[in-house]
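Asks: Would you mind keeping the following structure in view while I ask a few things?
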Amino acid sequence: MTTEDQVAVETGGAPSAAPRADADGAAAPDADVLVVGAGPAGSTLARYLAGAGRRVLVLEKGAFPREKVCGDGLTPRASREVELLGLPTPREDGWVRNVGLRMLGGGVRLQVPWPEISDFPAYGLVHTRSRFDQALAEHARAGGATVLERTSVTAPVVDERTGHVVGVRARPVDERGRRAGDERVFRAPVVVAADGVGSRLALSMGLHRRDDRPLGVAVRTYFRSPRHDDDWLESWLELREPGARAHELLPGYGWVFGVGDGTSNVGLGVLKADAGSGDVDYRDLLRRWLASMPPEWRFDPEHQVGEVRGAALPMAFNRTPHYTRGLLLVGDAGGMVNPFNGEGIAYAMQSARLAAEVVDRALDAPDARARERALHGYPAAVRAELGGYYTLGRVFVSLIGHPEVMRVATRFGLPRPGLMKLVVKLLANLADPASKDATDRVVVALQRLAPAT
């Protein structure tokens, strides 16, 4: 089964045809903004817009706390978005800080502290996704947004005159996702798809995944381990398929992130254009990799907590346009994952922040035509912030798809701390435009030279 097929199964299969709104369009809106999905992107956008005085309604098919596949590690870029949103991160609520990235490969172990940049905190965070998403949803509620859990969106409502989305059809579901009540229609002048990689809403509007953009795969599980208090994010740069020769490396990385609660999040991500093709059993690959770990770390079945779970990584704007016919795409629905390292939370929250600024201005527009012009500013804003960087990322994914390139990069790059300092800044998108440091200047120059596609 391909990753795309897995996504279709998890989201209920092919989307139904979009129903049409009443011709007179007289139905009163239920909110100023309707957000589908209460993950990092949806809840972030809801909090910003509710704080601006907008009526925001969020529809979430799950119930908090809910399980999501993630490494649980936040780089300083994500930590910055958390700070901007005003979300508290106290240790007593399960937030753990980390000081940098530890990389292992080619017999080398190198620790690179997070760079000190004026616009970013000098620390990262670890927080389980189940608790993180719940904290964001509660933060949105505290800011004035309405969040309806166990509400499954089944289709968009489209105005037959304009072809624009003017709402959605949704129905309550039980803990197993089964229908638990009557379907109803929710309407708003602006609708946002924040419903993840499968995005039924985007698919219902004909917005499919782009084949010219990479799609990665990640799998992870948890272990009760003495390494749970590690204050470094740890990345293993040598992954091999079963039976591969010593020099044949997969284009990806493994990770070990201490969660601080007695467990470690351990997983792997493969950053490859066709990573979802079904040719590799990634769960089995994870098990084989873990079998090579030191026994004292307890990464074994006896100490495993929960099952191995996997998810797709929609990278480098792999679904566009990010605005069309009344619908905005944020986070994974718009393919916002960083192609360099598989990081999604930072970019989900950043895209939501940019969308909130655009939507707030659009709602002040004097008429529908002016509002439409304003909303078209969102794709331009996202491209300006991330387009050049993601273009570089697509080149990176293409290069590491060649085993020889991966082998040479690991063997000859890791022993050079100066080079790896630059690599960390590039992979984590943490260069300082105002810095005179040579590594910052190189990374910033590369991003500016790359076309924002």
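The values are calculated or read from the model by the stated rules, or taken from the named source; none is laboratory data. Because the structure is a prediction, the values reported are computed rather than measured. Virtual Cβ from ideal backbone geometry, glycine too; neighbours counted across all protein chains shown. Surface accessibility is based on the protein's heavy atoms, side chains included, excluding ligands, DNA and RNA. Shrake-Rupley method; radii C 1.70, N 1.55, O 1.52, S 1.80 Å.
Asks: Per DSSP helix of 4 or more residues, -39500 (n - 2.57); summed, then divided by the residues of the chain. What does that give at 222 nm, rounded to the nearest 500?
Replies: On the way: 13 runs with 138 residues, N = 453.
Helices in the chain give a 222 nm mean residue ellipticity of -9000 deg cm²/dmol.
Asks: What stretch of the chain, leaving out the sites themselves, is the longest with no GluC sites (Glu not before Pro) in a DSSP loop having at most 14 other Cβ atoms within 10 Å?
Replies: Values: sites that count: Glu67, Glu116, Glu160, Glu175, Glu183, Glu248.
No qualifying site falls inside 249-453, the longest such stretch.
Asks: For helix 76-85, report the angle its Cα long axis makes with the longest principal axis of the Cα atoms of the chain; keep it between 0 and 90° and round to the nearest 10°.
Replies: Once rounded, one gets 30 degrees.
Asks: Could you give the accessible area per residue of the chain, probe 1.4 Å, as a whole number in Å²? If you can, show how the numbers build up before the last one.
Replies: Working: 18950 Å² over 453 residues.
That works out to 42 Å² per residue.
Asks: How long is the gain from Asp437 to Glu67 if the chain were fully straight, where each residue apart is worth 0.36 nm and the alpha carbon distance is subtracted?
Replies: My answer for the length gained is 129.1 nm.
Asks: Just give me a number: lysine pairs in the chain, eight or more positions apart or cross-chain, with C-alpha atoms less than 22 Å apart.
Replies: Numbers: Lys68/Lys272; Lys272/Lys425; Lys421/Lys436; Lys425/Lys436.
Value for the chain: 4.
Asks: How much accessible surface does Phe257 have with a 1.4 Å probe, in Å² rounded to 10?
Replies: For Phe257, the solvent-accessible surface is approximately 30 Å².
Asks: Something else: Given R₀ = 35 Å, what would the calculated FRET efficiency be for Asp281 paired with Arg373, taking r from the Cβ atoms and rounding to 0.05?
Replies: Numbers: r = 49 Å, r/R0 = 1.40.
Plugging the Cβ-Cβ distance into 1/(1 + (r/R0)^6) gives 0.10.
Asks: Where both residues lie in the chain, what percent of DSSP beta bridges are antiparallel, nearest 5?
Replies: Values: 51 of 71 bridges.
DSSP beta bridges in the chain are roughly 70 percent antiparallel.
Asks: Also: Counting only Cα, what are the radius of gyration and maximum Cα-Cα distance Dmax of the chain, in Å?
Replies: Values for the chain (Cα only, Rg and Dmax): 21.6, 69 Å.
Asks: Could you go through segment 61-71 in sequence order and give the Karplus-derived ³J(HN,Hα) for each residue, using 6.51 cos²θ - 1.76 cosθ + 1.60 with θ = phi - 60°, rounded to whole Hz, and x for Gly and Pro?
Replies: 6, x, 9, 8, x, 10, 7, 9, 6, 6, x
Asks: What is the helix-to-structure angle for 388-400, meaning the angle in degrees between its Cα long axis and the longest Cα principal axis of the chain, kept from 0 to 90 and rounded to the nearest 10?
Replies: Between helix and principal axis, roughly 50 degrees.
Asks: Over the chain, with every protein chain in place, what whole percent of the accessible area is carbon and sulfur at 1.4 Å, could you tell me? Intermediate values should be presented prior to the final figure.
Replies: Working: 9480 of 18950 Å².
On the chain, the fraction of accessible area on carbon and sulfur atoms equals 50 percent.
Asks: Taking the 0 to 90 degree range and rounding to the nearest ten, how far is the long axis of helix 40-51 tilted relative to the main principal axis of the chain, both from C-alpha atoms?
Replies: Once rounded, the angle reads 50 degrees.
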